[in-house]
2 protein chains.
Amino acid sequence: MIRGGKGILFVVSAPSGAGKTTLLRRVVSRLPGVSLSISCTTRAPRPGEQEGVDYFFISRAEFIDMMREDRFIEWAQVHGDLYGTPRSNLERLQQGEDLILEIDTQGARKIREELKDGVLIFILPPSLEVLEERLRSRGGDSEEAIQARLQNAQKELDQMTWYDYIVVNREIEEATKELASIIIAERCRTARVLKA
Amino acid sequence: MIRGGKGILFVVSAPSGAGKTTLLRRVVSRLPGVSLSISCTTRAPRPGEQEGVDYFFISRAEFIDMMREDRFIEWAQVHGDLYGTPRSNLERLQQGEDLILEIDTQGARKIREELKDGVLIFILPPSLEVLEERLRSRGGDSEEAIQARLQNAQKELDQMTWYDYIVVNREIEEATKELASIIIAERCRTARVLKA
């Protein structure tokens, strides 16, 4: 009766600037049995970003090879850069480990269609004003890039209605606790407890 | 967009001896915005039980009057004693406060049918052996009463499949955290966040 079978796939989306990355790192550092899926991207690393921690930074040619070999469970072009989730990342689920995928709403939809599984969580910034502030303070983006990200944020927000959960990132500690609670609660769902 | 509307109704069932009462008190003492619904019963108080904290201890005649006046949202006879949830307890939900009802599986079914609402949580003892041990160490029950409770426990366990969540009470601190997480997670459900 004790859960020990397949891990749970958590799919987390947020407009950039919602504070998703910081939040997810706090959750996985604090909660055993769940880890982050690292995506591949053709985007250049931002200051401080590390290979294999933030992303696997690969060339466009390598990315296209992986696409051809069907080695992504989902991929998307965002602001001109390619992002993809390697299928091999999902192997940890078979070992009973829970996994978090950080992907945009397009990718989340593909995951739900392809896997018929996954718990979808949307991280919301407290307001669009706060979002803009965060995007600007992060640095490294041009004014055009910031404007494009804000427009895109609005489009992403329209998609949140079909997510299972919404976490409003007003205050990092509270939001961390909410996200961790969602993971713990999903492990207690009757179907999962009885299946194991 | 912030949740501020109706509270969430949590319905918690467990075989007696699963440690439900201790667990629920820990959760409500630690988590703001949620309280326990106090039931009425015709059963005699056990040693240490307090009027208005554990139950409202009323006479059979008073109970039957309340039944006639339709003042219970659900009531049940268990081991010959009557237990009922006063409708007035649900008023706190309208004020945005979450509420926990401790009721047996019969009562839980009535709540789900009548209110078409509520999050159902089943508390499971680690094993039937542990359950028997706990029932005996509690004292105040005759051997016949203990045997009846054990038989009833088995019947209750058959009902857990239609509950939303199962919390296995192996260790009180872990189980408290799981129950609190379920409450926090349910507050983050998209339908509730967007409705508010």
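Throughout, read-outs are computed from the coordinates displayed, never taken from laboratory work. All figures in this text were calculated on a predicted structure; none of them were measured in a lab. Neighbour counts are summed over all protein chains in view; Cβ atoms, including those assigned to glycine, are modelled from backbone coordinates with ideal geometry.
Compute the relative contact order of chain A as a whole-number percentage, counting only Cα pairs closer than 8 Å that sit 6 or more residues apart in sequence.
Details: 299 pairs, mean separation 69.6, N = 196.
Answer for chain A is 35 percent.
Report D for region B:98-184 in µm² per second (integer): Stokes-Einstein, Kirkwood Rh on Cα pairs, 25 °C, 0.890 mPa s. Working shown, then result.
Values: Rh = 14.4 Å.
Taking Rh from Cα pairs, D becomes 171 µm²/s.
Hey, could you pull the Cα Rg and Dmax for the protein assembly as shown, both in Å?
Radius of gyration, then largest Cα-Cα span, for the protein assembly as shown: 24.6, 82 Å.
Can you classify region A:57-131 as rounded, prolate or oblate using the Cα gyration tensor, where a ≥ b ≥ c are the square roots of its eigenvalues, rounded means a/c under 1.5, and otherwise it's prolate if a/b beats b/c and oblate if not?
Numbers: a/c = 2.09, a/b = 1.17, b/c = 1.80.
It comes out oblate by the Cα gyration axes.
Explain nothing, just the number: relative contact order of region A:12-102, from Cα pairs under 8 Å at least 6 residues apart, as a whole percent.
On the way: 111 pairs, mean separation 30.5, N = 91.
Result for region A:12-102 is 34 percent.
Using DSSP loop states and a limit of at most 11 other Cβ atoms within 10 Å to flag GluC sites (Glu not before Pro), what is the longest stretch of chain A containing no flagged site? Please list the in-between numbers first.
Working: sites that count: A:Glu69, A:Glu171.
So the longest stretch without any such site is A:70-170.
In terms of the Cα gyration tensor, with a ≥ b ≥ c the square roots of its eigenvalues, is chain B rounded because a/c is under 1.5, prolate because a/b exceeds b/c, or oblate? Show your work: numbers first, answer last.
Values: a/c = 1.80, a/b = 1.25, b/c = 1.44.
Judged from the Cα gyration tensor, chain B comes out oblate (a/c at least 1.5, b/c at or above a/b).
Any chance you could run the full-extension gain for B:Arg138 through B:Arg170? It's 0.36 nm times the residue separation minus the Cα-Cα distance, nm to one decimal.
9.8 nm
How much of the DSSP beta bridge set in region A:24-115 is antiparallel, as a percent to the nearest 5? Working shown, then result.
On the way: 8 of 14 bridges.
Within region A:24-115, antiparallel bridges account for around 55 percent of the total.
Show that you can apply the helix-only estimate: for chain B, add -39,500 (n - 2.57) for every DSSP H stretch of four or more residues, divide by all residues, and state [θ] at 222 nm to the nearest 500. Walk me through the intermediate numbers first.
Details: 8 runs with 83 residues, N = 196.
So the helix-based figure for chain B works out to -12500 deg cm²/dmol.
Inverting the mean 1/r over all pairs of different Cα atoms, compute the Kirkwood radius of region A:30-90 and quote it in Å.
Working: mean 1/r = 0.0816 Å⁻¹.
12.2 Å is the Kirkwood radius here.
Report the Cα centroid-to-centroid distance between region A:1-67 and region B:55-130 in angstrom, as an integer.
Value for the Cα centre distance between the two parts: 45 Å.
How long are the three semi-axes of the equivalent ellipsoid for region A:1-113, computed from the Cα gyration tensor as the root of 5 times each eigenvalue, in whole Å, largest first?
Working: eigenvalues 110, 61, 34 Å².
Values for region A:1-113, descending: 23, 17, 13 Å.
Mind giving me the nanometre distance, one decimal, between the label points for B:Ser35 and B:Asp70, set 7 Å out from Cα along Cα→Cβ?
In this crude spin-label approximation the distance works out to 2.6 nm.
For region B:151-196, what is the Kirkwood hydrodynamic radius in Å, using each pair of distinct C-alpha atoms? Working shown, then result.
On the way: mean 1/r = 0.0789 Å⁻¹.
Taking the inverse mean of 1/r over all distinct Cα pairs, region B:151-196 comes out at 12.7 Å.
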